[in-house]
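Right, one structure below, let's go through it.
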Amino acid sequence: MRIERDSLGEVEVPADRLWGAQTQRCLLNFPIGAGRYHWRRAVIRAMGIVKTCAAVANGKLGQLSPEKVALIVRATQEVADGKWDDEFPLVVFQTGSGTQSHMNANEVIANRANQLAGGTLIHPNDDANRSQSTNDTFPTVMHVATVDQVEDLLLPAVEVLRGTFAGKAEEYKDIVMVGRTHLQDAAPITLGQVISGWMAQLDYAVEGIRRTIPGLLELAIGGTAVGTGLNTPKGFGELAAAEIARETGKAFVSAPNKFAALSAHDAMVSLSGALRTLAGALFKIANDLRWYACGPRAGIEELSLPANEPGSSIMPGKVNPTQCEALTQAAVQVFGNDHAVAFAGSQGNFQLNAFKPVILHNVLDSIELLAEGCRSFEEHCVRGFAANTAKIQEHLNGSLVGATALNLHVGYEKASKISLLAQREGISLREAAVKSGFLSGEQFDEWVKPLEMARPAHDPR
């Protein structure tokens, strides 16, 4: 052990660790969720990036010497690259501002910089934290990590899933099936049209996510403690944000109102709501797939899903729609995460929202669950599902969905009587139409064409 000191006195710290007194105190005082709720790589990387850019901005504004900037940047870049992830041991459930995690970064950066210097040149507060406060640095890290994960992890995964659905929609564009509303037979629809609906849901959800990004691109850095920019040189926030934009390749800017940036996290709450919308769309899509595939002998059986693993410890040969079940469970977790974020986002008091860590944790958890869920669902389910055309045709032939096409020729009342007659006597719609005396078999064949019924009136096909 070695002795470290902070404003409260001396603390014993493991000699082989880069963290210091404040990190050690946090380890001792906040054992909540240890082993389950540590920071993700995305957060540590974002912390390294933000600290790098703050140091560069301080150097350009004459707040740090070139020697100190160089040492800090070498250390912060190692943090960003993942070299010191084990030096970030703190849990999510700590101070609501993220102060302990921020000081964890300051201590690691300072101690590593001093190792590189071969002496004590960098102080965690005076140098690594120059022109900064946890209250503006941590929300900046929140936005940097979140934008990175949304744009580089989640959206590509959704696009791959959508692309696979697009191929299936084209493949099955002429497969006519029974459409269902209220879980009852309705009107003909093509399987391609069904899949196009799923694609449109994904498109809408993605667009909703993209609409939240401009708010996330606004950074709190430069606001320091309460949003006034106390202890920062003029232009620091704008310069640091510009450096972060350059470093990440994302269009980050300085938030125009730092008071809101510190005391509220509406952009994160908005994103969480958009993630919930995506989760809802994925839940619906996965549910549709497993219902269409239910069976294989006593269900709808219109789709077949890949058989990935045995489904029962007692029933031989049973195979379950496990990818659909996994995705819907992930969606349920995202719904819960969003509730946590929404409540935490409502808890800003005066100049600070003190629920920052739990907001960040739940948003990143939702992003990762949705990205991983989409990738697994696409690879192990959507890519391999197939239409059971014989069963689809059997259901179509035996259904009463053609009755709607008779409305224009014999009217709603007579068409209803034909449909009810077929249902009551267990005969086909064609047989009932002829038996009713309202039309001939030839007229039925001319008027009731399921593929044409499924095509919109404006569709040239």
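Every read-out reported here was derived from the displayed coordinates using simple, explicitly stated rules and does not represent laboratory data. Being a predicted model, the structure only gives us computed values, none of them experimental. Virtual Cβ from ideal backbone geometry, glycine too; neighbours counted across all protein chains shown.
By the rule of a C-alpha distance below 18 Å, with chain neighbours fewer than 8 residues away ignored, the lysines paired with Lys449 are Lys173.
Each listed q (0.24, 0.26, 0.29 Å⁻¹) maps to a log10 I(q)/I(0) for the range 1-57 from the Debye sum over equal C-alpha point scatterers, namely -1.02, -1.02, -1.04.
Ignoring lysines fewer than eight residues from Lys417 along the same chain, the ones with Cα atoms less than 19 angstrom from its Cα are Lys435.
Here the 3J(HN,Hα) profile of the range 120-128, calculated from phi with Karplus coefficients 6.51, -1.76 and 1.60 at θ = phi - 60°, is 9, 10, 10, 9, x, 8, 6, 10, 5 Hz, Gly and Pro shown as x. Quote the FRET efficiency, to the nearest 0.05, computed for Lys449 versus Lys284 with a Förster distance R0 of 30 Å and r equal to the Cβ-Cβ distance. The computed FRET efficiency comes out at 0.50.
If the Kirkwood radius is taken over C-alpha pairs of the range 196-238, then at 20 °C and 1.002 mPa s the Stokes-Einstein diffusion coefficient equals 164 µm²/s.
Legend: calculated FRET efficiency, Glu372 to Ser312, from the Cβ-Cβ distance at R0 = 45 Å, rounded to 0.05, equals 0.95. Residue ranges 363-373, 446-456, 330-340 sort as 363-373, 330-340, 446-456 when ordered by packing (mean number of other C-beta atoms within 10 Å per residue, highest first).
Calculated on C-alpha atoms, the gyration radius of the chain divided by its Kirkwood radius gives an Rg/Rh of 1.17.
Using the Cα coordinates of the range 345-388, the gyration tensor eigenvalues translate into equivalent-ellipsoid semi-axes of 39, 9, 4 Å, sorted from longest to shortest. Its residues counted as N, the range 400-454 yields a C-alpha radius of gyration over 2.2 N^0.38 Å of 0.98. Based on C-alpha pairs under 8 angstrom that are at least 6 apart in sequence, the range 262-339 has a relative contact order of 36 percent. For the range 389-395, 3J(HN,Hα) computed residue by residue from phi via the Karplus equation (6.51, -1.76, 1.60; θ = phi - 60°) reads 4, 5, 5, 4, 5, 4, 5 Hz, glycine and proline entered as x. Close amide H partners of Leu303, meaning residues 5 or more places away or on another chain with modelled amide H under 5 Å apart, are Ala293, Asn388. Database remark: amide H of Asn353 closer than 5 angstrom to the amide H of Ser263, Ala264 (H placed geometrically; neighbours at sequence offset of 5 or more, or on other chains; Pro and chain starts carry no H).
The length gained by stretching the chain between Ser416 and Glu207 to full extension, at 0.36 nm per residue less their Cα-Cα distance, is 71.0 nm. A Förster radius of 56 Å combined with the Cβ-Cβ distance from Glu394 to Asp152 puts the calculated FRET efficiency at roughly 0.75. Run the numbers on the chain and let me know its relative contact order in percent, using alpha-carbon pairs under 8 Å that are six or more apart. RCO, the chain: 16 percent.
Taking a straight Cα-Cα cut-off under 28 Å and skipping sequence neighbours fewer than 8 places away in the same chain, the lysines within cross-link reach of Lys83 are Lys51, Lys60, Lys68, Lys250, Lys356. On a C-alpha basis, how far is the centre of the range 83-100 from the centre of the range 1-69 in Å? Whole number, if you could? The distance from the Cα centre of the range 83-100 to that of the range 1-69 comes to 8 Å. Starting from one equal scatterer on each C-alpha and no solvent at all, send me the Debye-based log10 I(q)/I(0) for the range 52-171 at q = 0.19, 0.20, 0.23 Å⁻¹, two decimals. The Cα Debye sum returns log10 ratios of -1.04, -1.12, -1.35. Under the criterion of Cα pairs below 8 Å and six or more residues apart, the relative contact order for the range 2-130 equals 30 percent. Our coupling estimate for the range 71-77, obtained by passing each phi through the Karplus curve with A = 6.51, B = -1.76, C = 1.60 and θ = phi - 60°, is 5, 4, 5, 4, 5, 5, 5 Hz, Gly and Pro reported as x.
Amide H to amide H distances under 5 Å link Ala186 with Gly179, Arg180, Thr181, where only residues 5 or more positions off or on other chains count and H is placed in the peptide plane.
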